[in-house]
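A short worksheet on the structure shown next.
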Amino acid sequence: MAGTSVVEQRSDHIGVTADPSRFGLRVVDDALQMEGVPLQTIASEVGTPTYAYSAAAIETRYDSLARAVGRGPTTLCYAVKANSAQAVLQLLARRGAGADIVSGGELIRAQRAGIPADRIVFSGVGKSSDELDAAIAAGVRSINLESTEERMQVAARARAQGRVASVSLRVNPDIDPKTHPYLATGLQESKFGIGMEDALAVARAVHADPSLSLVGVGCHIGSQINDAQPFLDSIDRMRGLLETLRADGIALRQLDIGGGLGIPYGPEDPVVDLETWGRAVTEATAGFGLELVLEPGRFIVGNAGVLLTRVLLRKNGEAKRFVIVDAAMNDLLRPALYQARHVITPVRVPGADCDVEQADVVGPVCESGDFLAKDRTLPVTQTGDLLAVLSAGAYGMTMASTYNTRPQPAEVLVHGDDFDVIRPRPTVEALLEDERIPPWLA
Ligand code: LLP
């Protein structure tokens, strides 16, 4: 099957050209640009693979979400795990964002970026004593409890410090968010949250404990959800609990509906109507008289970032054609782990009538699971061509590893007509620096 052929399936680059803004991009002189900076310039100056993020796109998405849910008191606690670059956190902190953290490391990141503790919520199904101690000492807004066992652990750590820890219950509403199975977190069989049958008892136990202060109830049902209904269903499931607590005289501060709002990964994917979504969610929660907390990650940064990669070579296998690029599963794990479909397009965008071919876009890592795209129709490319992997701003760099002793990608933040390297590509020397040879081997 050597050579190239024109295949029927439509190449994504046509849809990207039609609406580049959904991916945080523009097309200028037939080339992709982020704000005022050609992606080609970034690749030439910083090399590849490199993640590039648009400050304006991040700000626009944050602001539009804040507007959509801002009818009453609301705090957007940005899910740091989606993209935890200090510069990105600082950009969001400047707009008043809080943070949803899941580790002691993310606590340090959020605080270092200037996010006040009173706007930080701490989620996660297992938190170590050190992490709890740090969160309690910092006075975070809420430690989201996920089990009876954890209630006791937090109480013990708070008592040891002579402080009162603010906690919230993360319940598991048993809602199917109809997303990838790895991204569903609010089903009965998932490890997350406190089952609805146990929630009231845990809430009462928290209320009775002088070392704990119950500030709220919340849930997070999953990720990449493009519909309001699962959110409304989970709010409904929490209604009874909230009413019983009120009847008990337990006053809460907040209702946390988690993150999970989805983004389009392809030109034809649905786009959440933010206005409608925001109205539905705020109307469903208005009657509780509580501050609404959201934990959005992907929605804010996902389509504000791309991964730049160059074609190393082409290879015609017995059964398939491969475009081998310099980014791999260690740089962007989502295709390998979730079979996630990211649009890949040449940065110099060819016309609609260009020659296209069907190929797997793969990295150099020694794993068959190392692919960025399978059986994808895309314009014919050559060694050295620059490609952009779109929608890579969320769960890209934060899930990158150094597998195969490949340094992680560099990261840049575009701002108007300029860009800054916000994390240089580490050297291999730096990767080896912390390793030690035991004396008996030296
Ligand atoms: N809150 C909690 C408690 C979470 O566990 C998560 C994500 C979020 C908020 C933010 O969800 P988002 O708004 O970003 O959907 N690595 C996967 C996504 C895993 C999400 C884990 N939890 C991916 O690449 O799709």
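Taking the criterion of being in contact with an Asp or Glu (Cβ under 9 Å, 6 or more places away or on another chain) and surrounded by fewer than 18 Cβ atoms within 10 Å (Cβ to Cβ), the only residue of the stretch 361-372 that qualifies is PRO364. How about the stretch 282-331: which of its residues are β-branched (Val, Ile, Thr) and in a strand (DSSP E or B)? Within the stretch 282-331, VAL293, VAL306, THR309, VAL311, VAL323, ILE324, VAL325 meet the criteria.
With a requirement of 1 or more residues that are free of Cβ contacts under 8 Å to residues at least 60 places away in the same chain, the strands (runs of 3 or more DSSP E) lying completely within the stretch 9-68 that satisfy it span 26-28, 31-34. Considering only the stretch 373-407, state which residues are within 16 Å of the ligand (Cβ to nearest atom) and crowded, with 18+ Cβ neighbours inside 10 Å. Within the stretch 373-407, ALA373, VAL389, LEU390, SER391, ALA392, GLY393, ALA394, TYR395, GLY396, MET397, ALA400 meet the criteria. Inspection of the stretch 253-272 identifies no residue that is part of a strand (DSSP E or B), of a type in the set (S, T, N, Q), away from the ligand (no atom under 15 Å from the Cβ) and surrounded by 19 or more Cβ atoms within 10 Å (Cβ to Cβ).
Checking the stretch 434-442 against the condition returns no match, with no residue being within 29 Å of the chain's Cα centre (by Cα) and under 20 Å from ARG334 (Cβ atoms). Please work out which residue is farthest from the ligand (Cβ to nearest atom), limiting yourself to the stretch 69-90 and to residues that are within 16 Å of ASN303 (Cα to Cα), assigned to a helix (DSSP H, G or I) and touching an Asp or Glu at 6+ places or on another chain (Cβ under 8 Å). Filtering first and then ranking leaves VAL80. Scanning the stretch 332-372 for residues that are within 13 Å of the ligand (Cβ to nearest atom), closer than 20 Å to LEU313 by Cβ and either among the aliphatic types (A, V, I, L, M) or in a loop (DSSP other than H, G, I, E, B) (or both) yields a count of 1. For GLY139, the criteria (1) closer than 20 Å to LEU292 by Cβ; (2) surrounded by fewer than 22 Cβ atoms within 10 Å (Cβ to Cβ) hold in every case but one, which is (1).
Readers should treat all values here as calculations from the given coordinates under stated rules, not as data from a laboratory. Because the structure is predicted, anything quoted here is derived from the model rather than measured. Neighbour counts run over all protein chains shown; Cβ positions are idealised from the backbone, glycine included.
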